[in-house]
1. Would you list the helices (runs of 4 or more DSSP H) that sit entirely within region 228-294 and hold 3 or more residues that are more than 22 Å from the chain's Cα centre (by Cα) and surrounded by fewer than 16 Cβ atoms within 10 Å (Cβ to Cβ)?
2. Return the pairs, sorted by first residue and then second, in which the second residue is part of a helix (DSSP H, G or I) and surrounded by 23 or more Cβ atoms within 10 Å (Cβ to Cβ), the first residue lies in region 21-37 and is of a type in the set (A, V, I, L, M, F, W, C), the beta carbons are less than 7 Å apart, and the residues are 6+ apart or on different chains.
3. Looking at region 70-103, which of the residues that are of a type in the set (D, E, K, R) and farther than 16 Å from Gly123 by Cβ is modelled with the highest pLDDT?
4. Hey, does region 274-286 have a residue that's touching a residue at least 24 places away in the same chain (Cβ under 8 Å) and under 20 Å from Ile308 (Cα atoms)?
5. How many residues, within region 44-94, are over 22 Å from Asp143 (Cα atoms) and of a type in the set (D, E, K, R)?
6. Would you be able to say whether some residue in region 277-289 is of a type in the set (S, T, N, Q) and more than 22 Å from Thr6 (Cα to Cα)?
7. Which of the residues spanning region 305-346 are surrounded by fewer than 18 Cβ atoms within 10 Å (Cβ to Cβ), among the hydroxyl-bearing types (Ser, Thr, Tyr) and touching a residue at least 60 places away in the same chain (Cβ under 8 Å)?
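The values are calculated or read from the model by the stated rules, or taken from the named source; none is laboratory data. Remember, predicted model here, so these are calculated numbers, not experimental data. For neighbour counting, all protein chains shown are included, and Cβ atoms are generated from backbone atoms with ideal geometry for every residue, glycine included.
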Amino acid sequence: MQFSVTVPTKIDDWSLAKVAEDLGFDAIWVPDSQMIWSDCYATMALMAQGTSRIKIGTGVAIPGTRIAPVTAHSIASINRLAPGRTFLGIGTGHTAMRVMGQNPMPLKEFAEYLRVVRTLLAGDEVDYTYRGVTKSIQFLHQDLGFRNTDDSVPIIVAANGPKALQIAGQYGDGLISAGAENPDLVSYNMGMVKQGAEAAGRSLDESYHTASLSNAVVLRAGETLTDDRVIDACGSFVVALIHFVYEIYEYTHNEEMIPEAMHGIWEEYREYVDKMEMPAEKRFRQIHDGHCTYHPPAERRFITPELIEASNLVGSPTEIAEKIRKSEAAGLKEISLLPPMAVFRESMSDFTEVMKVL
């Protein structure tokens, strides 16, 4: 099992990559969300210069805010600084688009986007359509070192739904899903991925990567899930899940997609949103306040023990390690932790106690 961290992208916190490297983490994921954080590629460039071993990649890149050649050239530029340890995590862009009141990229467009990026990163020529005009494009000056397409950049596709999972099988070298430590979910996800690969004529081998975006709270002696330190250590991850479910529900009105652990706070949370200060046409901005960085104080009451357990790895180092072993046996290869910014270093350090057990 590999372990990584996903950081709130803050350019002057680039040294977190070195801290993670020194603590023994395998990779660092740097989110791409223009309305929330700093620029991910500028931040990764600093991280690449300040480290020597840890893998560095987008966590995840957003296709709706950058055309495909730009994403390919940007990650290939980072690969020039960190050859062989650069990866491209990429998804349709749920939060990055919703926080602008826009929808994520449709899956058909996303598949085409991945096709173009994958081909360019191989250094090859590809047909690319921009504003209705299709032309054959290819990176120029490939022998002058402006980018690195010689060392492979794995494409890790972020997906949770069945169609997106199939696209991950068509075009990805790996998959990252939110909260996918559950062994049954690991098996389901990979079943969908393999279906997509088979439809595209691909045969996946053991090199195909599987990762889960999660968080962990290593409990200290006598602590409970209602203690302030515990809530502070996982609150931003819990409320980000609530925000995600709320926006999907508002779009689909599908009651079945509301997790059981959320039933106890669901109606109260909807009432809370209805009374937000922002008018309805701007409310998308307030809904994502603090996204994966901190939890708004008014939302602390929604961070229940049920939701903490459902969305985080919680327990003693031995208890968390046992849960991870079950995930690994089901085929999961990496867990990426996303703690709140205020306790990021502390959470990384705490989790090394789990790594020691494993």
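1. Of the helices (runs of 4 or more DSSP H) lying wholly inside region 228-294, those with at least 3 residues that are more than 22 Å from the chain's Cα centre (by Cα) and surrounded by fewer than 16 Cβ atoms within 10 Å (Cβ to Cβ) span 228-252, 266-274.
2. Matching pairs, first to second residue: Ile28/Ala17; Ile28/Ala20; Ile28/Met47; Val30/Cys40; Val30/Thr43; Val30/Met44.
3. In the first step, residues of region 70-103 are kept if they are of a type in the set (D, E, K, R); the result is 80, 85, 98.
From what's left, farther than 16 Å from Gly123 by Cβ: 85, 98.
Values: Arg85: 98, Arg98: 95.
Across region 70-103, the extreme among qualifying residues is Arg85.
4. Scanning region 274-286 turns up no residue that is touching a residue at least 24 places away in the same chain (Cβ under 8 Å) and under 20 Å from Ile308 (Cα atoms).
5. 3
6. Narrowing region 277-289 to residues of a type in the set (S, T, N, Q): 286.
Next cut, more than 22 Å from Thr6 (Cα to Cα) only: 286.
Yes: region 277-289 contains one or more residues that are of a type in the set (S, T, N, Q) and more than 22 Å from Thr6 (Cα to Cα).
7. Residue satisfying the conditions is Ser316 alone.
Conditions tested, residue by residue: (1) modelled with pLDDT of 95 or more; (2) charged (D, E, K, R); (3) assigned by TED's automatic domain parsing to the domain that holds Glu112.
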| residue | (1), (2), (3) |
| --- | --- |
| Gln170 | yes, no, yes |
| Asp173 | yes, yes, yes |
| Gly179 | no, no, yes |
| Pro183 | no, no, yes |
| Val193 | yes, no, yes |
